[in-house]
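I have placed the structure first, in the form of structure tokens, so that the comments after it can refer back to it.
Where a number appears in this text, it was derived from the coordinates with a stated rule and is not lab data. Everything numeric in this text was worked out from a predicted model, so none of it was measured. Reconstructed Cβ throughout: ideal geometry from the backbone, glycine too, with neighbour counts over all protein chains shown.
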Amino acid sequence: MRVFRTSKINEFRLWGLVLTMVGMGIMILGTAGIVKWGQAGKPFAAVFMIIGMILLLASVAIYFWAGMLSTSAVMLQCPECGRQTKMLGKTDRCMGCRTILTLDIAQATDIPEYEETTEQEQPSAPESPLTNSNTSQSDIILNKKHQ
């Protein structure tokens with residue numbers, strides 16, 4: 001069970017940051033081999049520098065991947081906190097308040113109720129395609145389970 005729950009894009013960014021820090025730490029430990037063992041520590045330093053560089057390149061790839069995912073993510077406004085957030089897939093967490101959001105009715109736990117009585121009482125007017133009210137903010141369904 002994860003202790004810190006964040007949105008998917010922030011998870012990718014977190015792993016990129018972790019790999020950056022670990023790579024830099026390994027490179028610093030490699031240079032400590034030269035300080036400790038002198039000339040005999042150069043192979044030790046070279047190995048640790050290469051491992052650190054590979055980790056740094058992996059973090060660059062992860063940051064690039066997260067950036068590409070971020071550009072294609074769905075932008076929406078969180079119904080809980082009102083902030084704009086990005087959503088990957090059918091379910092994701094708000095970047096601000098970490099509320100679980102979903103676009104899938106089957107996974108929703110709090111489905112907004114529409115007033116069916118007012119729709120039945122008023123005659124239905126034909127809607128033009130430019131004023132389609134079905135694609136409003138109520139399409140974003142709040143999942144109240146904070147897992």
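Things to note:
- Expressed as a fraction of 2.2 N^0.38 Å, the value expected for a compact globular protein of N residues, the C-alpha radius of gyration of region 58-104 is 1.24.
- Placing a pseudo-label 7 Å from each Cα along the Cα-to-Cβ vector at A46 and A32 gives an inter-label distance of 2.2 nm.
- Contour excess over end-to-end distance, with Cα ends at M21 and E80 and 0.36 nm allotted per residue: 17.9 nm
- Cβ crowding within 10 Å averaged over residues, with 92-101, 22-31, 60-69 ranked highest first: 92-101, 22-31, 60-69
- Grouping the Cα pair distances of region 8-71 into 10 Å bins from zero gives a pair-distance distribution of 26, 37, 21, 12, 4 percent in increasing distance order.
- Here V60 and T6 are evaluated by their C-beta separation; at R0 = 25 Å the FRET efficiency comes out at 0.75.
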